[in-house]
Amino acid sequence: MEEVLIIAGSKSDEKIVEKAAKQLEEEGLSYKVEYCSAHREPARLDEVVKKSKAKVFICIAGLSAALPGVVASKTEKPVIGVPVESKLGGLDALLSTVQMPPGVPVACVGIDNGKNAAILAKRILNA
């Protein structure tokens with residue numbers, strides 16, 4: 001069973017997924033990776049989140065970056081958002097990730113910073 005589930009919005013986010021995965025391996029954490037879009041595959045995303053036994057989710061997404069918020073709306077487990085630089089220097093994704101409505105908390109790390117997401121996941125699991 002994985003401790004962390006990394007969900008990326010598309011395969012174009014693979015470089016960031018690799019940063020997070022490498023750090024999770026260095027931290028000795030088990031993980032799984034899924035590629036699933038909150039916009040294009042909402043039913044599949046719902047299934048992925050509900051079936052996961054992971055204790056922490058890392059969600060990697062660019063542009064409108066809805067993925068972390070959608071996942072946070074479907075679980076009580078911690079969600080870490082990683083905004084991806086694609087347009088506007090990644091500020092669009094950053095703002096979409098941090099500006100969640102009340103009751104839908106998402107932790108957010110810096111743009112393209114999958115490594116920090118993995119370190120934060122480790123700290124959450126150690127708490």
| Quick one: would you say Lys87 is out of contact with any helix residue (DSSP H, G or I) (no Cβ under 6 Å at 6 or more places or on another chain) and basic (Lys, Arg)? | yes
| Within region 60-101, restricting attention to residues that are among the basic types (Lys, Arg) and either part of a helix (DSSP H, G or I) or touching a Phe, Trp or Tyr at 6+ places or on another chain (Cβ under 9 Å) (or both), which residue is nearest to Lys19 (Cα to Cα)? | Lys77
| note | If we keep only residues of region 85-127 that are of a type in the set (D, E, K, R) and loosely packed, with under 15 Cβ neighbours inside 10 Å, then the residue farthest from Ile60 (Cα to Cα) is Arg123
| task | Mind listing whichever residues of region 15-43 are over 19 Å from Ala66 (Cβ atoms) and not hydrophobic (A, V, I, L, M, F, W, C)? | result | Lys15, Glu18, Lys19, Lys22, Gln23, Glu25, Glu26, Glu27, Gly28, Ser30, Tyr31, Lys32
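Are any residues in region 1-52 of a type in the set (S, T, N, Q) and surrounded by 13 or more Cβ atoms within 10 Å (Cβ to Cβ), and if so, which ones? Lay out the reasoning, then the answer.
As a first pass, look at region 1-52 and keep what is of a type in the set (S, T, N, Q): 10, 12, 23, 30, 37, 52.
Ser10, Gln23, Ser37, Ser52 - these are the residues of region 1-52 that are of a type in the set (S, T, N, Q) and surrounded by 13 or more Cβ atoms within 10 Å (Cβ to Cβ).
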| task | List the number of the failed condition for Ile111; all other conditions in (1) farther than 19 Å from Glu14 by Cα; (2) touching a Pro at 6+ places or on another chain (Cβ under 8 Å) hold. | result | (1)
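Test Val82 against the criterion of being surrounded by fewer than 17 Cβ atoms within 10 Å (Cβ to Cβ) and either on the phi > 0 side of the Ramachandran plot or of a type in the set (Val, Ile, Thr) (or both), and give yes or no. Write out each step before concluding.
Numbers: surrounded by fewer than 17 Cβ atoms within 10 Å (Cβ to Cβ): no; either on the phi > 0 side of the Ramachandran plot or of a type in the set (Val, Ile, Thr) (or both): yes.
When the stated conditions are applied, Val82 does not pass them.
Computed from the coordinates by the stated procedures, all read-outs in this text should not be read as laboratory data. As the structure is a prediction and not an experimental result, all values here were calculated from the model. Every residue, glycine among them, receives a Cβ derived from its backbone with ideal geometry; neighbour counts consider all protein chains shown.
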